[in-house]
Amino acid sequence: MSSRLFQHDITFQAGTRTYGRLRSIGWLDSAARVSLIGCVWLCLSLVFSQAVANRYSRQQTPEGFRKAIHWEPWNPDHYAGLARALERPLKEGDLLEVVRLYEKAVQLSPHNAIYWARLGQAYEWAGRLEDAQNAHEQAMFLSPSSPTVNWTIGNFYLREGKTKLALHAFQRTVLGDPEMGGPAFDLAWRATGDGELIAREMIPADTDIYFEYLNYLVGTERQDEAEKVWDRVVELGLHFEPTQAFPYLDALIQHRRIDQLTAAWSALRKKNPSISGGLHASLAGFSTAVEPAPEKQEGALDANLVTNGDFESGILNGGLDWRINPAPGVIIGMDNSIFRDGTHSLQIRFEGTQNLSDALVFQYVPVRPNTSYRFAAFMRAQGITTDSGPRFQIRDADDPAKLFVQSGDVVGDSTWVRRQLDFISGPSTRLLEIRVVRLASSKFDNRIAGTAWVDQVEMKAIESAAATNLARGEVHTAAR
């Protein structure tokens, strides 16, 4: 009997404990459910608040941003947005609120460099220059490579008369965003007018930026400063492609700075040995004054003044290399299957659709005044139609009336034909154009078709009895 009572007591106690555990689990489950519901409600509330705030902020108006702040007071973007809205335009009495709003934005997001930069601008408008500098420098500390931040602090330094600091900031601006180069260079020039200072303090030893600045100087007609920057590029030994120098070389050609042109081309060829021929070293830097020719042996010849006259290098389309003049109805390129010497020639293929009358390819060649020259080249034809085929022309680049000679053309089918032109440069001739041209035909069937090839083009200064007689008679000859 007692054992059954004992067993019953044990069972009752176990049941009580189990019931207690079940009640505890029930309470915990209820608490978890309530907590989960609270979290879901909070998340939904936050999502709802954010959605409403974003809807108001997209209005981009002061009223919209104020409502956005009401719904999402922890978001720094709304404070900065309201400040920006009040700045457009800044009305009397709004400046203190703008300052307060940016201060709130950096308080909520202390690592946002843009907010610090805008706070710096607001401080400056309020006359708090020390606070403005501190805010700008904090922005630069947080984002030292940001083009926007550096542009802003650079302008601030300029207004404060801290020119070198401004130029350093503009340097970082251009390094961060090369497209800011033009505005930064222009602002630096308007602020300082000192090319040497800009080159020293603002232009980093970066090839792309050097050439961007060089192109800016060329485009703004600061040719003397451009020449200094080019000299610096050469002095630093920066690596660059020849095409990067072409705007500068074209400016030298345009302004007829022939001494600088020959020196620059010689420097370019030293850095790029693949550029073949042209500009014999004795020609680079020659004086504009007419000087007696040096003593030479009878018939002595200078080196070839034509760049890439054998067409063994690719056509660069700039500088003192060949330039292709695009025209409808003709295709011009290199040919490695037909050539007179080496492994390539220039191929000119006419499609039979045009009565062309223009230069097909041409090259600028610096020369000495009052000097005898001999031009020679080879041309070949296959199926050239009409009575007017391609030919060579040489003319004064400034005034063709001062010097103009041309060879005979090639038509039909022909093997390699040599064309020679002997001439004397005029008293003021410094730059020639060597051209392969096709003159318009006056015949009814005048649309040219067929193919021509050019190879082994050369031009040399000559000093011989024939040249002396040529000079005396001032006669131009064209071998046909």
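The values are calculated or read from the model by the stated rules, or taken from the named source; none is laboratory data. Please read all numbers here as calculations on a predicted model, not as lab measurements. Cβ sites come from the backbone with ideal geometry, for glycine too, and all protein chains shown count toward neighbours. The area values use the complete protein model at the heavy-atom level, side chains included, leaving out ligands, DNA and RNA. Shrake-Rupley method; radii C 1.70, N 1.55, O 1.52, S 1.80 Å.
Scanning for something in contact (Cβ under 8 Å) with a residue 12 or more places away in the chain, not in a loop (DSSP other than H, G, I, E, B) and not acidic (Asp, Glu), does the range 335-343 turn up at least one residue?
The answer is no; no qualifying residue exists.
Please verify whether residue 310 is modelled with pLDDT of 95 or more, open to solvent by less than 50 Å² (accessible area, probe 1.4 Å), charged (D, E, K, R) and not in a strand (DSSP E or B), treating the condition exactly as stated.
Spelling it out, it is not the case that residue 310 is modelled with pLDDT of 95 or more, open to solvent by less than 50 Å² (accessible area, probe 1.4 Å), charged (D, E, K, R) and not in a strand (DSSP E or B).
Go through the range 142-162 and report how many residues are aromatic (Phe, Trp, Tyr) and under 18 Å from residue 177 (Cα atoms).
Within the range 142-162, residues that are aromatic (Phe, Trp, Tyr) and under 18 Å from residue 177 (Cα atoms) number 1.
Could you tell me whether the range 117-128 includes any residue that is within 32 Å of the chain's Cα centre (by Cα) and open to solvent by 60 Å² or more (accessible area, probe 1.4 Å)?
Scanning the range 117-128 turns up at least one residue that is within 32 Å of the chain's Cα centre (by Cα) and open to solvent by 60 Å² or more (accessible area, probe 1.4 Å).
Looking at the range 146-207, what helices (runs of 4 or more DSSP H) fall wholly within it and have at least 3 residues that are among the hydrophobic types (A, V, I, L, M, F, W, C) and surrounded by 17 or more Cβ atoms within 10 Å (Cβ to Cβ)?
147-159, 163-176, 181-192
Considering only residues that are in contact with a helix residue (DSSP H, G or I) (Cβ under 9 Å, 6 or more places away or on another chain) and β-branched (Val, Ile, Thr), look in the range 423-469 and name the one that is most open to solvent (accessible area, probe 1.4 Å).
Top of the filtered list is 424.
Let me spell it out: the conditions are (1) within 26 Å of residue 88 (Cβ to Cβ); (2) in a helix (DSSP H, G or I), and residue 127 meets all of them except one. Which number is the exception?
(2)
Given the conditions (1) under 40 Å from the mean Cα position of the chain (by Cα); (2) without any contact (Cβ under 8 Å) to a residue 40 or more places away in the chain, and given that residue 444 satisfies all but one, which numbered condition is not satisfied?
In the conditions (1) under 40 Å from the mean Cα position of the chain (by Cα); (2) without any contact (Cβ under 8 Å) to a residue 40 or more places away in the chain, residue 444 misses (1) alone.
Kindly establish whether residue 381 is hydrophobic (A, V, I, L, M, F, W, C), within 41 Å of the chain's Cα centre (by Cα), within 17 Å of residue 455 (Cβ to Cβ) and surrounded by 21 or more Cβ atoms within 10 Å (Cβ to Cβ).
Judged against the criteria, residue 381 is a match.
Say whether the condition of being in the same structural domain as residue 455 (by TED's automatic domain parsing) and closer than 11 Å to residue 451 by Cα is met by at least one residue in the range 361-369.
No - not one qualifying residue is present in the range 361-369.
Being assigned to a strand (DSSP E or B), in contact (Cβ under 8 Å) with a residue 24 or more places away in the chain and either of a type outside the set (A, V, I, L, M, F, W, C) or open to solvent by 50 Å² or more (accessible area, probe 1.4 Å) (or both) is the requirement here; does residue 420 meet it?
Spelling it out, residue 420 is indeed assigned to a strand (DSSP E or B), in contact (Cβ under 8 Å) with a residue 24 or more places away in the chain and either of a type outside the set (A, V, I, L, M, F, W, C) or open to solvent by 50 Å² or more (accessible area, probe 1.4 Å) (or both).
What about residue 395, is it in contact (Cβ under 8 Å) with a residue 60 or more places away in the chain and either part of a strand (DSSP E or B) or of a type outside the set (Lys, Arg) (or both)?
Spelling it out, it is not the case that residue 395 is in contact (Cβ under 8 Å) with a residue 60 or more places away in the chain and either part of a strand (DSSP E or B) or of a type outside the set (Lys, Arg) (or both).
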